[in-house]
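Okay, so here's the structure we're looking at.
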Amino acid sequence: MKKKTLSAFLSVALIISSVLSLSGCGNDNTTPVCADMMSTADREISVSVAKIDNLPSDFLMGADVSSYLSIDKSGGKYYDYDGKELDMDGFFTLLKTSGLDIVRFRVWNDPYDEKGRGYGGGNCDTDAAVTMGTSATKAGLQVMIDFHYSDFWADPNKQMTPKAWQAMSDSEKETALESYTKESLLKLKDAGVNVTLVSIGNETDNGMSGETGWAEKCALYNAGSRAVREVFPNALVAIHYSNPEHDYVTYAQHLADYKVDYDIFGTSYYPYWHGSLENLTDVMKEIADITGKRVMVLETSWAYTLEDGDGNGNTVSHEANSDDPYYSFSVQGQADEISSVTQAIADVGDSALGCLYWEPAWIPVKYYNPTGRDAEKILESNKKAWEKYGSGWASSYASAYDSEDAGVYYGGSAVDNQALFDFGGHALDSLNTFRYMREGHEATGLTLSQIILPAPISFEYGEDIHDYLPMTVRGELDNKQRITFNVEWDEEELASFTGVGEYTAHCTIIDEIPGGDGTPRKVMLKVNILPENLLVNGDMESGDATGWTISDPMAGITTDDPYRGSYSLHFWSEGQVSFTASQNITADKDGELVFSMKAQGGDMGDGHVVKAVVTNETTGVSVEGSVTLAGWQKWQETGSISDAGIAALSVSAGDKVTFEIVVSGSAGGWGTIDDVFLSYK
């Protein structure tokens, strides 16, 4: 992972009050002292974590702490649960006593410019891995080496060739990769580092070291694997991909076809981007079953706050995440996410080998409070450290190698709010999650602070409301732990919803409520009964293009960013965006037709077009409505159902009617269209 653009996940409520805020956390730039962000010294551990009973005996819990050394060199400080400052050995010992079995270090070939200035992101070369790996081994931790086979970040968006390999042929690059891997591992072995896992590449879905073809990529996999087998015969070899929503079965088949020698099929899993936990389990179980390999989650993380601590914006932030997600943005939310993802991979069965958290120690060098005294001085100090020691995600020096990304967006950490240490370096309660998953831990004296209202439901007139009603609701306790309650619905009330329109339904929680006095708690749900749709698959829920004629493959029915349900009409184009999606119907009676359409998206440029046009081909009369896209998940609606200013279309029985979605915009534009309706008024 690196700094990423956020993609969709389904919001369940708008409870901004549940988001931990740093506002008022002191009036200067000293260590933050908010309740969820302070040292746990002199206070009880506050997170609740359920024991995971089905962990395989050799299951590994761990974390990628590649940034640690650069933060340490920059002057950043770390503290244990009692507020004691930690040196490097103490830091890794803390990880061990908190339940971690293994730590991962990324390794770049040559993350320096011609003057020896580091590209940042930890300046993670082999020597850095040796330094940290030696200390980790001393603490009793296993070590995983994550070779990117690039001079800087390698991920699904880019897999750049190392500078020294750029003029090489495929066979020369294969030889160079094997030699480089062997030399690096020998350095680690000679230093006594306990290397037990090695990843040949990082999130290599779309390539590795500049190679994008499967034949070339698999040859490189095998070159790296040969080096591992020679230097560390007992170490396991991992291949790492980024998203379980991708076609992993096809990936695995390519690995088999090219006879790649590996032991672990690994994936990243970030709830913001990578679908449901159920899908994670199902996909990884299928991979384990068909390949016979072990499977792991090699990266996951969650934010404990939406605030920024170093003066450089974060991937997860108020701007990108104003909607409240499944887990709270809190220390307890981190514990919930870690344990849920671990449970999901453990549910694969004995083939599950582990789950690793990504960058729990990437804290600010110094805590930056924009309203505190000396704020500008602190920010300037951080910027100097990012440049000198590489403790930000990229330095300006990286522009020589990666001019389009790092050269433009260099700066500090983009994930300091996802660390398991607070902005001042104190270990958060969530770091203990790794230990508690084996033992279980329940915080005491908790009470229910609020109920999270379920997301509104919508369905067409004539469908059974019970097919859409949630049978559970979620509540948040005062430590921000989220729990599920079973509910019963008021059937008499439901029976009164007899026509198209908006209603409010009520259910009663039937489970015991923590801290409750026995009084029944009712929860409301917004219900929208939609008109019967004359369009086939207007909600896209068939999962394919049934009913639609789509003019260009830049648009299609996918699981990306649906407004409602699981599917939507999603579009993106590297070039100019231009397509239509249409249906033809025949009016079966005299009347007036009304329509509606929802859309979201961005990067379409000024003057872009996203509109629905309804034409009576028999009379030649058309009506239309358009939207201006406003960004991700900012849904816009058009149509005569919702807008009285758009006329209905008169039809007579037998008239031929065309419904057409028309979209055009700038290169790189993207978006989603969903819930398209055409009905009689």
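The values are calculated or read from the model by the stated rules, or taken from the named source; none is laboratory data. Because the structure is predicted, anything quoted here is derived from the model rather than measured. Reconstructed Cβ throughout: ideal geometry from the backbone, glycine too, with neighbour counts over all protein chains shown.
All but one of (1) farther than 20 Å from Gly538 by Cα; (2) within 40 Å of the chain's Cα centre (by Cα); (3) not in a strand (DSSP E or B) hold for Ile641; which doesn't?
(1)
If we keep just the residues of region 460-487 that are touching an Asp or Glu at 6+ places or on another chain (Cβ under 7 Å) and not in a loop (DSSP other than H, G, I, E, B), which is nearest to Ile52 (Cα to Cα)?
Here is the first cut: in region 460-487, the residues touching an Asp or Glu at 6+ places or on another chain (Cβ under 7 Å) are 460-462, 481-482, 485-486.
Checking the rest, the ones that are also not in a loop (DSSP other than H, G, I, E, B) come to 460, 482, 485-486.
Details: Glu460: 41, Arg482: 17, Phe485: 20, Asn486: 22 Å.
Ranking the candidates gives Arg482 first.
Looking at Pro370 and the list (1) at pLDDT below 95; (2) more than 28 Å from Pro325 (Cα to Cα), which single condition is not satisfied?
(2)
Going residue by residue through region 103-112, is there one that turns out to be under 22 Å from Met437 (Cα atoms) and either at pLDDT 95 or above or in contact with a Pro (Cβ under 8 Å, 6 or more places away or on another chain) (or both)? Let's see the steps before the verdict.
Looking only at region 103-112, we keep the residues that are under 22 Å from Met437 (Cα atoms), and these are 103-104.
With the extra rule that they be either at pLDDT 95 or above or in contact with a Pro (Cβ under 8 Å, 6 or more places away or on another chain) (or both), the set shrinks to 103-104.
Yes; the residues of region 103-112 include at least one that is under 22 Å from Met437 (Cα atoms) and either at pLDDT 95 or above or in contact with a Pro (Cβ under 8 Å, 6 or more places away or on another chain) (or both).
Given the criteria hydroxyl-bearing (Ser, Thr, Tyr), out of contact with any strand residue (DSSP E or B) (no Cβ under 8 Å at 6 or more places or on another chain) and more than 21 Å from Cys355 (Cα to Cα), does Tyr221 qualify? Lay out the reasoning, then the answer.
Details: hydroxyl-bearing (Ser, Thr, Tyr): yes; out of contact with any strand residue (DSSP E or B) (no Cβ under 8 Å at 6 or more places or on another chain): no; more than 21 Å from Cys355 (Cα to Cα): yes.
So Tyr221 fails the test.
For the structure I just gave you, tell me whether Val610 is crowded, with 20+ Cβ neighbours inside 10 Å, in contact (Cβ under 8 Å) with a residue 40 or more places away in the chain, under 21 Å from Arg564 (Cβ atoms) and in contact with a Ser or Thr (Cβ under 8 Å, 6 or more places away or on another chain).
Working: crowded, with 20+ Cβ neighbours inside 10 Å: yes; in contact (Cβ under 8 Å) with a residue 40 or more places away in the chain: yes; under 21 Å from Arg564 (Cβ atoms): yes; in contact with a Ser or Thr (Cβ under 8 Å, 6 or more places away or on another chain): yes.
Taking the combined requirement at face value, the residue satisfies it.
So if I check each of Glu404, Glu460, which one is out of contact with any helix residue (DSSP H, G or I) (no Cβ under 9 Å at 6 or more places or on another chain) and within 30 Å of Tyr389 (Cα to Cα)?
On the way: Glu460 fails: within 30 Å of Tyr389 (Cα to Cα).
Unique residue meeting the criteria: Glu404.
Residue check, Asn243 against (1) surrounded by 15 or more Cβ atoms within 10 Å (Cβ to Cβ); (2) farther than 21 Å from Lys293 by Cβ, all met but one. Which one?
(2)
Taking Asp146 as meeting all but one of (1) within 19 Å of Tyr221 (Cβ to Cβ); (2) out of contact with any Asp or Glu (no Cβ under 9 Å at 6 or more places or on another chain); (3) assigned to a strand (DSSP E or B), write down the number of the exception.
Condition not satisfied by Asp146: (2).
Restricting to region 384-407, and then to whatever is hydroxyl-bearing (Ser, Thr, Tyr) and outside any loop (DSSP other than H, G, I, E, B), can you tell me which residue is farthest from Pro156 (Cα to Cα)?
Kept after step one, since they are hydroxyl-bearing (Ser, Thr, Tyr), are these residues of region 384-407: 389, 391, 395-397, 399, 401, 403.
Next cut, outside any loop (DSSP other than H, G, I, E, B) only: 389, 396-397, 399.
On the way: Tyr389: 26, Ser396: 22, Tyr397: 22, Ser399: 19 Å.
My answer is Tyr389.
Given the criteria part of a helix (DSSP H, G or I), at pLDDT 95 or above, in the same structural domain as Arg435 (by TED's automatic domain parsing) and under 18 Å from Ala238 (Cα atoms), does Ile338 qualify?
Working: part of a helix (DSSP H, G or I): yes; at pLDDT 95 or above: yes; in the same structural domain as Arg435 (by TED's automatic domain parsing): yes; under 18 Å from Ala238 (Cα atoms): no.
In short, no.
Go through region 219-229 residue by residue and tally those that are more than 12 Å from Thr181 (Cβ to Cβ) and either free of Cβ contacts under 8 Å to residues at least 40 places away in the same chain or crowded, with 22+ Cβ neighbours inside 10 Å (or both). First the steps, then the outcome.
Start the filter on region 219-229 by keeping residues that are more than 12 Å from Thr181 (Cβ to Cβ), which leaves 219.
Still in the running and either free of Cβ contacts under 8 Å to residues at least 40 places away in the same chain or crowded, with 22+ Cβ neighbours inside 10 Å (or both): none.
Summing the residues that are more than 12 Å from Thr181 (Cβ to Cβ) and either free of Cβ contacts under 8 Å to residues at least 40 places away in the same chain or crowded, with 22+ Cβ neighbours inside 10 Å (or both) in region 219-229 gives 0.
Does Leu298 count as in contact (Cβ under 8 Å) with a residue 24 or more places away in the chain, crowded, with 23+ Cβ neighbours inside 10 Å, in the same structural domain as Glu337 (by TED's automatic domain parsing) and in a helix (DSSP H, G or I)?
Details: in contact (Cβ under 8 Å) with a residue 24 or more places away in the chain: yes; crowded, with 23+ Cβ neighbours inside 10 Å: yes; in the same structural domain as Glu337 (by TED's automatic domain parsing): yes; in a helix (DSSP H, G or I): no.
No, not satisfied.
Scan region 330-386 residue by residue and report those that are of a type in the set (Asp, Glu) and in contact with a Pro (Cβ under 7 Å, 6 or more places away or on another chain).
Filtering region 330-386 down to residues of a type in the set (Asp, Glu) leaves 336-337, 347, 350, 359, 374, 376, 380.
Correct list: Glu337, Asp350.
Could you list, in sequence order, the residues of region 526-571 that are of a type in the set (Val, Ile, Thr), over 21 Å from Leu629 (Cα atoms) and in contact with a Phe, Trp or Tyr (Cβ under 6 Å, 6 or more places away or on another chain)? Before the answer, list the steps.
First, the residues of region 526-571 that are of a type in the set (Val, Ile, Thr): 527, 529, 536, 546, 549-550, 557-559.
Among the residues that remain, those that are also over 21 Å from Leu629 (Cα atoms) are: 527, 529, 536, 546, 549.
Within region 526-571, Val527, Ile529 meet the criteria.
Pull up region 246-276, narrow it to residues that are in contact with a strand residue (DSSP E or B) (Cβ under 6 Å, 6 or more places away or on another chain) and either more than 29 Å from Thr315 (Cβ to Cβ) or polar (S, T, N, Q) (or both), then point me to the one that is surrounded by the fewest Cβ atoms within 10 Å (Cβ to Cβ).
Ranking the candidates gives Asp263 first.
Which one of these does Asn417 not meet: (1) polar (S, T, N, Q); (2) within 30 Å of Asn54 (Cα to Cα); (3) not in a loop (DSSP other than H, G, I, E, B)?
Condition (2) is where Asn417 drops out.
Mind listing whichever residues of region 494-507 are at pLDDT 90 or above, assigned to a strand (DSSP E or B) and more than 33 Å from the chain's Cα centre (by Cα)? It would help to see each step written out before you state the result.
Initial filter on region 494-507 (at pLDDT 90 or above): 494-497, 503-507.
The next check asks that each one be assigned to a strand (DSSP E or B); those that pass are 503-507.
Of everything in region 494-507, just one residue is at pLDDT 90 or above, assigned to a strand (DSSP E or B) and more than 33 Å from the chain's Cα centre (by Cα), namely Tyr503.
Quick one: Ala344 ticks every box in (1) surrounded by fewer than 24 Cβ atoms within 10 Å (Cβ to Cβ); (2) modelled with pLDDT under 95; (3) in contact with an Asp or Glu (Cβ under 9 Å, 6 or more places away or on another chain); (4) closer than 20 Å to Ser430 by Cα bar one, so which box is it?
For Ala344, the exception is condition (2).
For residues in region 277-290 being surrounded by fewer than 17 Cβ atoms within 10 Å (Cβ to Cβ) and either over 30 Å from Ser328 (Cα atoms) or free of Cβ contacts under 8 Å to residues at least 60 places away in the same chain (or both), which is nearest to the chain's Cα centre (by Cα)? Explain how you work it out, then say what you get.
Taking region 277-290 first, the residues surrounded by fewer than 17 Cβ atoms within 10 Å (Cβ to Cβ) are 278-279, 282, 286, 289-290.
Checking which are either over 30 Å from Ser328 (Cα atoms) or free of Cβ contacts under 8 Å to residues at least 60 places away in the same chain (or both) leaves us with 279, 282, 286, 289-290.
Values: Asn279: 14, Asp282: 18, Glu286: 22, Asp289: 26, Ile290: 26 Å.
My answer is Asn279.
Which residue, of Ser39, Ser66, Ser57, is modelled with pLDDT of 50 or more and buried (at least 21 other Cβ atoms within 10 Å of the Cβ)?
Numbers: Ser39 fails: modelled with pLDDT of 50 or more; Ser57 fails: buried (at least 21 other Cβ atoms within 10 Å of the Cβ).
Sole residue among the options that is modelled with pLDDT of 50 or more and buried (at least 21 other Cβ atoms within 10 Å of the Cβ): Ser66.
Looking only at region 508-530, count how many residues are loosely packed, with under 13 Cβ neighbours inside 10 Å and in a loop (DSSP other than H, G, I, E, B).
7
Looking at (1) touching an Asp or Glu at 6+ places or on another chain (Cβ under 7 Å); (2) closer than 15 Å to His148 by Cβ, which is the only condition Lys182 fails?
The failed condition is (2).
Check Ser642, Ser578, Ser622 and return the single one that is at pLDDT below 95 and either surrounded by fewer than 19 Cβ atoms within 10 Å (Cβ to Cβ) or under 15 Å from Gly669 (Cα atoms) (or both).
Numbers: Ser578 fails: at pLDDT below 95; Ser622 fails: at pLDDT below 95.
Answer to the selection: Ser642.
Is it true that Thr204 is closer than 26 Å to Glu359 by Cα, crowded, with 19+ Cβ neighbours inside 10 Å, in the same structural domain as Pro156 (by TED's automatic domain parsing) and in contact (Cβ under 8 Å) with a residue 40 or more places away in the chain? Show your work before the answer.
Values: closer than 26 Å to Glu359 by Cα: yes; crowded, with 19+ Cβ neighbours inside 10 Å: yes; in the same structural domain as Pro156 (by TED's automatic domain parsing): yes; in contact (Cβ under 8 Å) with a residue 40 or more places away in the chain: yes.
Yes, satisfied.
Restricting to region 646-667, and then to whatever is crowded, with 16+ Cβ neighbours inside 10 Å and in contact with a Ser or Thr (Cβ under 6 Å, 6 or more places away or on another chain), can you tell me which residue is nearest to Asn537 (Cα to Cα)?
Glu660
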